[in-house]
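The values are calculated or read from the model by the stated rules, or taken from the named source; none is laboratory data. Quick caveat, the model's predicted, so the values are computed rather than measured. We place every Cβ from the backbone using ideal geometry, glycine too, and count neighbours over all the protein chains shown. We work out accessible area using only protein heavy atoms, side chains counted, and drop any ligands, DNA or RNA first. Shrake-Rupley method; radii C 1.70, N 1.55, O 1.52, S 1.80 Å.
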Amino acid sequence: MDVNAAVAAAAAIAGVCTGVIAMLAFRWSERDQKRPTRTSLHTDPVLPPGVDTVLSVLRSSAVVLDEADSVVKASSAAYALGLVRGGKLAVEPMLQMARDTRRDGEIRQVELDLPRRGTGRGGEALAVSARVAPLGSRLVLLLVEDLTEARRIEAVRRDFVANVSHELKTPVGALSLLSEAVMDASDDPEAVERFAGRMQIESTRLTSLVQELIDLSRVQNDDPLEDAEPVRVDELVAEAIDRCRHQAGTKQITMAAGGTADLHVWGNRGQLAAALGNLVENAVNYSPARTRVGIAARRVTAPGGDLIEVAVTDQGIGISDKDKERIFERFYRVDPARSRATGGTGLGLAIVKHVAASHGGEVTVWSSEGQGSTFTLRLPEAGATRDRDRGNGAAGGAGAAADRDRADRPDETTQYETIPAPEVLP
């Protein structure tokens with residue numbers, strides 16, 4: 001019995017030892033699995049809670065880098081700008097900023113000019129502002145804002161101020177010199193009269209320039225639809241013709257209008273009259289003597305609603321292809337010498353462009369050197385007036401159908417039928 005008891009006790013002790021050893025081995029294995037290894041330190045870092053949501057609503061391009069400079073998270077804008085390629089940050093200055101910030105934890109910011117993606121032209125670049133900050137203990141956040149458009153607008157503003165200063169300086173300087181000439185020629189009545197006439201010309205030009213600057217500022221800042229109303233196209237055309245009556249009569253230019261009856265546009269009457277008046281005035285100023293300026297209007301169909309199209313055609317010098325791209329820029333002149341002789345300021349077409357855009361329309365140009373030009377102003381039709389006119393009967397519908405048929409013709413100077421108006425000048 002004593003021997004059996006001893007064997008049982010030994011077996012019990014052996015079982016307890018085996019269980020203890022197994023438990024210790026299991027605990028050791030579990031602890032070893034939880035212990036970070038050399039490779040586990042570099043695999044799939046997790047963003048802090050809420051960071052992913054914040055990055056998704058930021059307007060800036062966002063890139064999150066881990067301690068191995070691999071991209072953990074990047075917004076679609078970052079890919080569009082070409083910041084991230086192949087899972088890596090492709091801009092070396094930004095990568096160096098991220099490494100420095102990871103080392104010392106300081107926030108850094110810099111402005112860079114990056115080559116535009118997909119273009120080999122060295123002159124085109126993206127202006128960006130990059131800001132790097134630590135994100136936790138292992139991650140770095142890079143925010144990049146595109147400043148290209150802001151830089152372009154600032155350059156336009158600087159050019160505008162420079163151009164305005166130059167344009168104002170010319171007539172002011174001329175008036176100063178002419179006034180001195182008048183004083184020196186006080187004993188010569190003919191010279192005084194001649195210089196006084198020149199002073200009147202320069203003062204008129206200065207007044208026109210200031211007024212067009214005011215008009216341009218107004219159409220850029222004001223919302224034309226606040227005071228919008230249905231405006232009759234024939235009244236706008238009549239006002240534009242009357243505005244240029246004297247210049248046309250001096251050059252014996254015939255002005256003709258047609259197709260403007262029963263057409264209405266929706267907008268600010270004053271701005272629309274100024275835009276159409278500028279187009280007609282340009283046509284008269286740039287046309288040779290004893291030629292014709294035609295003004296024609298029609299209704300054309302469009303997916304978003306019918307448009308009213310007003311075309312001003314001249315038989316002038318025409319515009320070259322390289323100048324067509326720039327004629328709507330402020331202070332740009334196709335022929336500076338001719339513009340100075342006609343009193344042009346270089347702002348008329350810029351005003352037309354802004355008026356058309358603010359009214360939901362557009363202005364286009366067709367031109368051929370030596371054959372003349374056609375400027376076409378397209379504006380939304382006044383909806384209530386259009387519906388009323390369509391209810392007037394079959395005659396109105398037939399006229400509208402004829403207008404739509406003419407809309408399919410190519411944009412040439414002969415596409416409109418112009419009817420001589422009673423105010424044709426000799």
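Length available on full extension from Arg108 to His246: 0.36 nm per residue minus the Cα-Cα distance, which gives 43.2 nm. A straight chain from Asp234 to Glu362 at 0.36 nm per residue would run longer than the Cα-Cα distance by 44.1 nm. Counted over segment 171-317, the DSSP beta bridges are approximately 70% antiparallel. Suppose R0 equals 25 Å; then what is the FRET efficiency for Arg116 and Lys169 from their Cβ-Cβ distance, rounded to the nearest 0.05? For R0 = 25 Å, the calculated efficiency reads 0.10. The order of Asp66, Asp188 by accessible area, most exposed first and with a 1.4 Å probe, is Asp188, Asp66. Rounded to the nearest 10 square angstrom, Asp104 shows an accessible area of 70 square angstrom against a 1.4 Å probe.
In the context of the full protein assembly, Ser217 retains an accessible surface of approximately 50 Å², using a probe radius of 1.4 Å and ignoring ligands and nucleic acids.
Model label sites at Ala125 and Arg152, defined 7 Å from Cα along the beta-carbon direction, differ in position by 1.7 nm. Placing dummy labels 7 Å off each Cα toward the beta-carbon, the span from Arg326 to Thr207 is 3.2 nm. Ignoring lysines fewer than eight residues from Lys324 along the same chain, the ones with Cα atoms less than 24 angstrom from its Cα are Lys353. Average accessible surface for segment 254-303: 32 Å² per residue, computed with a 1.4 Å probe over protein heavy atoms with every protein chain in place.
If you sort Thr170, Thr313 by accessible surface, 1.4 Å probe, largest first, the order is Thr170, Thr313.
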